[in-house]
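Below is one structure; the comments refer to it alone.
No lab work stands behind these numbers, since they all come straight from the coordinates. Remember, it's a predicted structure, so these values are computed and weren't measured experimentally. Cβ placement follows ideal geometry from the backbone for every residue including glycine, while neighbour counts extend to all protein chains displayed.
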Amino acid sequence: MKTVVLEGPGQAQLASVAEPRIENEDEILLQVRKIGLCGTDLNSYRGRNPLISFPRIPGHEIAATVAELNPKYPEWRPGTPVTLSPYKNCGQCPACRRNRPNACRFNQTLGVQRDGALTEWIVAPAQKLFRADLSLKELCLVEPLTVGFHSTARGRVTAEDMVAVFGCGGVGLGVVSAAAFKGATVIGVDLDDAKLATARNAGAAHTINSANEDLHDMLEQITDGRGPDVVIEAIGSRQTFRAAVDEVAYAGRVVYLGFAKEEVAYETRLFVLKEVDILGSRNALPEDFHAVIRMLEAHRFPVEDAVTHMVPIEEAPRILEAWHHEPTRFGKIMIEVS
Ligand SMILES: [Zn+2]
Ligand SMILES: [Zn+2]
């Protein structure tokens with residue numbers, strides 16, 4: 001069957017591999033229909049993802065259809081459109097024991113620590129499948145949106161809150177839509193006007209272009225001088241990590257979703273003075289998948305704005321290279337597998 005293999009930094013190749021086989025009675029054979037790509041895949045392609053080794057088949061944002069009936073799971077009828085959770089947790093580590101498998105110390109994500117789904121067929125445990133009243137394109141967006149949704153759960157976002165989202169790219173856009181879906185007043189912050197326009201379509205009531213507007217002044221103005229109740233950081237830069245604590249309201253919550261590549265210095269007395277909750281957010285839980293499916297079924301996400309490229313699997317190596325050279329030219333890229 002056809003697949004795409006990352007052979008090394010900058011080397012993606014169309015290849016042929018053996019079809020997968022069902023290895024235990026809880027597995028279901030799936031035909032892969034669409035695969036979404038995100039920043040993780042770009043980092044893997046560039047050789048800058050410390051979690052992967054080469055060669056690796058990417059693909060963790062999946063829309064598929066059930067290919068074959070497993071008599072133990074008659075509810076998964078052939079042809080049923082599904083998406084799936086790409087995570088596999090160990091069940092033993094402290095995070096797993098606290099029922100937070102998303103933060104498993106030994107987590108294995110499809111396409112990262114193990115081969116992914118950018119192939120014509122995969123087998124997956126029945127427990128990882130989710131069905132929905134959605135198109136294949138929408139199903140393919142579920143996983144990337146769960147990451148943002150999870151961060152709003154970590155930040156305990158409610159309809160009472162003003163939530164500032166730093167970064168309105170792929171992950172940040174998911175945060176914007178999740179917070180808006182929960183009824184919060186969302187302030188989207190980015191340097192790119194096109195991303196801010198999409199953020200407004202995803203439910204942001206206010207947007208700030210911090211390239212030409214003063215972030216602090218604008219947040220003060222929008223929140224009547226109180227600061228946002230919750231700040232969710234989805235960029236991972238030194239400045240935005242700091243700004244989150246600087247700008248959040250007294251007794252507010254800060255959620256970090258961006259993965260900072262460098263050390264960050266803080267005015268730590270603000271932690272105490274504001275009695276701020278500082279939270280990390282990683283991956284997503286099954287309940288986040290269900291929540292995102294409800295959000296997409298309610299048409300609360302601008303699917304057409306977000307997905308900018310749809311190409312057949314044969315073009316995957318070429319679009320990865322183009323994306324590497326001009327990352328800002330691309331929104332969500334989807335690969336049509338079959
Ligand atoms: Zn992703
Ligand atoms: Zn674990």
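Checking the a/c ratio against 1.5 first, then a/b against b/c, what shape does the Cα gyration tensor give for the stretch 36-105? Please list the in-between numbers first.
Numbers: a/c = 2.77, a/b = 1.28, b/c = 2.17.
Oblate.
How long are the semi-axes of the ellipsoid equivalent to the chain, from square roots of 5 times the Cα gyration tensor eigenvalues, in whole Å, largest first? Display every interim value, and only then the final one.
Details: eigenvalues 239, 89, 74 Å².
Largest first, the chain gives 35, 21, 19 Å.
Suppose a student asked you for the relative contact order of the chain, using Cα pairs under 8 Å spaced at least 6 residues apart; what percent would you report? It would help to have the intermediate numbers written out before the result.
Numbers: 764 pairs, mean separation 61.9, N = 338.
This gives 18 percent for the chain.
Lysine pairs in the stretch 66-218 with alpha-carbon atoms under 23 Å apart, 8 or more places apart or on different chains: how many are there? The partial results should precede the final answer.
Values: 72/88; 72/128; 88/128; 128/137; 137/195; 182/195.
The number of close lysine pairs in the stretch 66-218 is 6.
Helix by helix, which DSSP H runs in the chain go 30 Å or more along their axis at the Cα atoms and have an average Kyte-Doolittle hydropathy of 1.6 or more? Spell out each step's value before the answer.
On the way: long enough: none.
Both cut-offs are met by no helix.
To the nearest 20 debye, what charge dipole does the stretch 85-216 have about its Cα centre, counting +1 at the Cβ of each Lys and Arg and -1 at the Cβ of each Asp and Glu?
Numbers: 14 positive and 12 negative charges, 182 e Å.
It comes to approximately 880 debye.
In what sequence, highest mean first, do 148-156, 223-231 appear when ranked by Cβ atoms within 10 angstrom? Write out the running numbers ahead of the final one.
Values: 148-156: 24.4, 223-231: 19.4.
Those peptides, ordered most packed to least, come out 148-156, 223-231.
Give the long-range amide H neighbours of residue 61: residues separated by 5 or more places, or on another chain, with amide H under 5 Å away, using H modelled in the peptide plane at 1.01 Å from N.
Long-range HN contacts for residue 61: 36.
Give me the net charge of residue 157's neighbourhood, meaning all other residues with Cβ under 15 Å from the Cβ of residue 157; Lys, Arg count +1, Asp, Glu -1. Provide the component values of the computation, followed by the final result.
Working: positive: 154, 156, 182, 253, 300; negative: 160, 161, 229, 233, 277, 287, 288.
Charge balance near residue 157 sits at -2.
About the Cα centre, and with charges only on the beta carbon of Lys, Arg (+1) and Asp, Glu (-1), how big is the dipole of the chain? Nearest 20 debye, please. Each step should come with its number before you reach the end.
Details: 36 positive and 44 negative charges, 184 e Å.
Rounded to the nearest 20 debye, it is 880 debye.
Which whole-number percent is the relative contact order of the stretch 1-123 (Cα, under 8 Å, 6+ apart)? The partial results should precede the final answer.
Working: 251 pairs, mean separation 39.0, N = 123.
Averaging sequence separation for qualifying contacts and normalising by length gives 32 percent for the stretch 1-123.
Over the Cα atoms of the stretch 85-237, each weighted equally, I'd like the Debye log10 I(q)/I(0) at q = 0.15 Å⁻¹, rounded to two decimals.
-0.87
With a ≥ b ≥ c the root eigenvalues of the C-alpha gyration tensor of the stretch 1-130, is it rounded (a/c under 1.5), prolate (a/b larger than b/c) or oblate?
On the way: a/c = 2.11, a/b = 1.15, b/c = 1.84.
In terms of gyration-tensor shape, oblate.
First select every other residue whose beta carbon is under 14 angstrom from the beta carbon of residue 273; then total the charges, Lys and Arg +1, Asp and Glu -1. Before the final figure, lay out the partial values.
Values: positive: 269, 274; negative: 246, 247, 267, 275, 277.
Taking every other residue near residue 273 into account, the sum is -3.
Give me a comma-separated list of calculated 3J(HN,Hα) values for the stretch 123-133, in order, Karplus coefficients 6.51, -1.76, 1.60 applied at θ = phi - 60°, integers in Hz, x for any Gly or Pro.
Computed from phi, the couplings for the stretch 123-133 are 10, 9, x, 3, 5, 8, 8, 10, 9, 6, 8 Hz.
From the residues 299, 322, 333, which one has its Cα farthest along the dipole of the stretch 250-338 in the positive direction, the dipole being from +1 and -1 charges on Cβ of Lys/Arg and Asp/Glu about the Cα centre?
Ranked along the dipole, the leading option is 299.
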